[in-house]
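This report refers to the structure that appears directly beneath it.
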Amino acid sequence: MNDSLLSAIETLNNKKTAPFCAYIYDLDGIQAHVRQMCQTLPKQTYLFYAIKANPDQRIIKALLPFIHGFEVASIGELLSVRAVSKQVPILFGGPGKKDVELELAIRQKVSYIHVESVLELQRIQILAQKLNEKVNILLRINLRTNALPKTKITMGGIPSPFGLDESDIQRAIAIVKEDPHHLVQIKGFHFHSLSNNVHAAMHAEMVQLYVQKALEWQRLYNLDLQVLNAGGGFGVSYNKAPSFDWQQFTSLLQGSNIWQDIKGIQLFFEPGRYLVADYGFYATEIIDIKKSHQQHFAIVRGGTHHNRLPSSWGHNQPFQLYTSDTWPYTFQRPNFQNIKVNIVGELCTPKDRLHTDAYVSAISVGDIIIFEKSGAYCWTISHHDFLGHPHPAFYYIEGGQVR
Ligand SMILES: *Cc1c(COP(=O)(O)O)cnc(C)c1O
């Protein structure tokens with residue numbers, strides 16, 4: 001944990017008027033990380049940010065100068081990006097797109113629509129005609145293969161609602177070719193088969209499989225292939241195992257034999273988690289501690305309504321303890337030493353748990369638990385208003401300052 005974060009928490013804790021509870025996003029950290037990622041990005045390769053990982057406006061703004069564009073999966077997300085930039089490239093995806101969404105996406109001049117079904121393709125054709133607009137699409141394909149890595153979240157290579165089944169490609173291409181208006185054009189393919197893959201070598205192999213498949217379809221259907229979107233899914237480890245090794249991945253990719261085959265084709269990546277997870281912190285104060293039967297519990301001002309990731313994934317969210325000296329009462333401050341503690345939230349449900357059996361050498365009421373790796377899929381996936389507690393504050397580290 002870096003010094004600017006600890007000093008930020010100290011400053012904020014000294015000024016607090018209510019028990020401490022905040023998300024802190026390290027925008028400096030995000031920018032440094034992405035800048036470093038771009039240094040080993042092979043030529044012809046373009047980085048997009050899938051904003052569903054964290055749609056915070058300040059994060060979108062912080063990423064804007066460093067990446068090529070954004071991937072969005074709803075009109076809300078699309079407008080969040082457009083509020084920051086009128087012209088940055090946007091990829092519009094997601095299953096179950098409605099006509100109003102597709103129409104607005106076309107009017108907002110998204111770069112590519114990821115088409116997820118044959119019906120969706122037909123509806124886009126009608127809308128393109130109505131608006132008399134050219135629409136560039138990538139067909140999202142769910143491959144019929146067992147060769148994809150298996151992770152906690154898998155969308156491809158298995159039955160899933162995402163993308164067109166590989167066996168539907170021919171029909172989709174025929175529909176586009178037979179359309180006399182030629183407004184909808186297939187520019188390539190999109191694959192996003194899994195999330196949170198920590199194996200760089202397997203990921204590089206998967207991308208090579210995508211390339212092989214796309215080239216096969218290009219030959220078979222005589223397509224003008226311009227883009228291959230290999231999705232996101234670079235993993236972050238929530239335990240002691242290492243996270244995805246970007247250096248290894250990009251060097252394997254760079255050294256692979258795909259490049260002579262895909263001359264003139266742009267390779268896209270659209271990660272969410274890997275760009276932001278490590279730079280978000282959910283810091284929340286211990287309100288009470290107790291022993292119940294043979295176990296110890298620390299109850300924090302907050303919980304899964306602010307950070308649902310650990311309960312959703314069934315993992316222990318990693319944390320650090322910030323020891324606070326302030327104690328406003330004359331009676332003794334509750335404290336435990338050398339124990340295993342369950343860190344739970346303020347909600348009236350046993351499911352409100354953030355960490356089970358965490359060993360701590362000392363823990364007191366008033367200390368602050370700083371949950372790490374809380375920059376992606378934490379606040380945004382949570383049920384914020386269940387039980388009606390106040391939302392956390394949001395602070396940002398930018399230019400070395402916290403605000
Ligand atoms: C969620 C999603 C992403 C981002 O996935 P990460 O695992 O966060 O990198 C990218 N593309 C699509 C289509 C998605 O649904």
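Values quoted throughout were computed directly from the atomic coordinates according to the rules given, and no laboratory measurement underlies them. Everything quoted here is computed from the prediction, not taken from an experiment. Cβ placement follows ideal geometry from the backbone for every residue including glycine, while neighbour counts extend to all protein chains displayed.
For Ile262 and Asp385, calculate 0.36 nm times their separation in residues minus their Cα-Cα distance, and state this gained length in nm to one decimal.
Value of the extension gain: 39.4 nm.
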Per the Debye formula with a single identical scatterer at each Cα and no solvent contribution, what log10 I(q)/I(0) holds for region 129-279 at q = 0.11 Å⁻¹?
-0.46
Roughly speaking, what is the centre-to-centre gap between region 373-387 and region 309-347 when only Cα atoms are used, to the nearest Å?
19 Å
Nearest 10 degrees, 0 to 90: helix 75-84 Cα axis against the chain principal axis
80 degrees
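How about region 224-307: which chymotrypsin sites (Phe, Trp or Tyr not before Pro) there lie in a loop by DSSP and see at most 16 other Cβ atoms within 10 Å?
Trp259
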Amide H of Ala50 versus every other amide H placed in the peptide plane: which residues, excluding those fewer than 5 positions away on the same chain, fall under 5 Å?
Glu71, Gly272
Apply the Karplus curve 6.51 cos²θ - 1.76 cosθ + 1.60, θ = phi - 60°, to the phi angles in region 238-246 and return the couplings in whole Hz, x for Gly and Pro.
9, 10, 7, 5, x, 7, 3, 9, 5
Once both axes come from the Cα atoms, what is the angle between helix 200-221 and the longest principal axis of the chain, in degrees from 0 to 90, rounded to 10?
20 degrees
Need one number: nm distance between label points at Ala241 and Lys290, each 7 Å from Cα along Cα→Cβ, rounded to one decimal.
3.6 nm
Please give the helix 3-15 orientation as an angle from the longest Cα principal axis of the chain, in degrees from 0 to 90, rounded to the nearest 10.
60 degrees
Positive-end extreme of charge dipole, the chain - chosen from Pro89, Tyr377, Ile59 (charges on Cβ)
Pro89
A chain fully extended from Asn2 to Arg403 at 0.36 nm per residue, minus the present Cα-Cα distance, gains in nm 142.7 nm
Between region 67-89 and region 206-239, what is the C-alpha centre distance in whole Å?
23 Å
Counting each DSSP H run of 4 or more residues in the chain as -39500 (n - 2.57), what helix-only mean residue ellipticity at 222 nm follows after dividing by all residues, to the nearest 500 deg cm²/dmol?
-8500 deg cm²/dmol
Within a 10 angstrom radius of the beta carbon, how do Met155, Met202 rank from fewest other beta carbons to most?
Met202, Met155
Tell me which residues come under 5 Å, amide H to amide H, from Val300 once H is placed; ignore anything under 5 positions away on its chain.
Ile287, Val344, Gly345, Glu346
Of the options Leu121, Ile9, Met206, report the single residue whose Cα projects farthest towards the positive end of the charge dipole of the chain (beta-carbon charges: Lys, Arg +1; Asp, Glu -1).
Leu121
With springs only between Cα atoms under 10 Å apart, run a GNM on the chain and tell me which of Leu228, Leu131, Leu91 wobbles the most.
Leu131
Between region 1-37 and region 99-153, how many Å separate their Cα centres?
38 Å
Comparing Ala62, Ala283, Ala53 in a Gaussian network model of the chain (Cα, 10 Å), the one with the largest mean-square fluctuation is Ala62
Let me know the number of lysine pairs in region 278-403 closer than 19 Å at the Cα, not counting same-chain pairs under 8 apart.
5
When Ser167, Ser324 are ordered from fewest to most other Cβ atoms inside 10 Å of their Cβ, what list results?
Ser167, Ser324
Please compute the contact order of region 1-157 in relative form: average sequence separation of alpha-carbon pairs under 8 Å and at least six residues apart, divided by the residue count, as a percent.
14 percent
Give the lysines whose C-alpha is closer than 20 Å to that of Lys86, dropping any in the same chain fewer than 8 places away, or say none.
Lys52, Lys61, Lys109, Lys134
Simple label model, 7 Å out from Cα along Cβ direction - Val84 to Leu104, nm
1.8 nm
Please compute the modelled spin-label separation between Thr11 and Thr145, points set 7 Å along Cα→Cβ, answer in nm with one decimal.
5.0 nm
What dipole magnitude, in Debye to the nearest 20, does the chain give about its Cα centre under +1 on Lys/Arg Cβ and -1 on Asp/Glu Cβ?
200 debye
Qualifying trypsin sites (Lys or Arg not before Pro) for region 1-61 [loop in DSSP, other Cβ within 10 Å: at most 10]:
Lys43
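Go through region 171-234 and name the GluC sites (Glu not before Pro) that are in a DSSP coil and have 13 or fewer other Cβ atoms within 10 Å of their Cβ.
Sparse-neighbourhood loop GluC sites (Glu not before Pro): none present.
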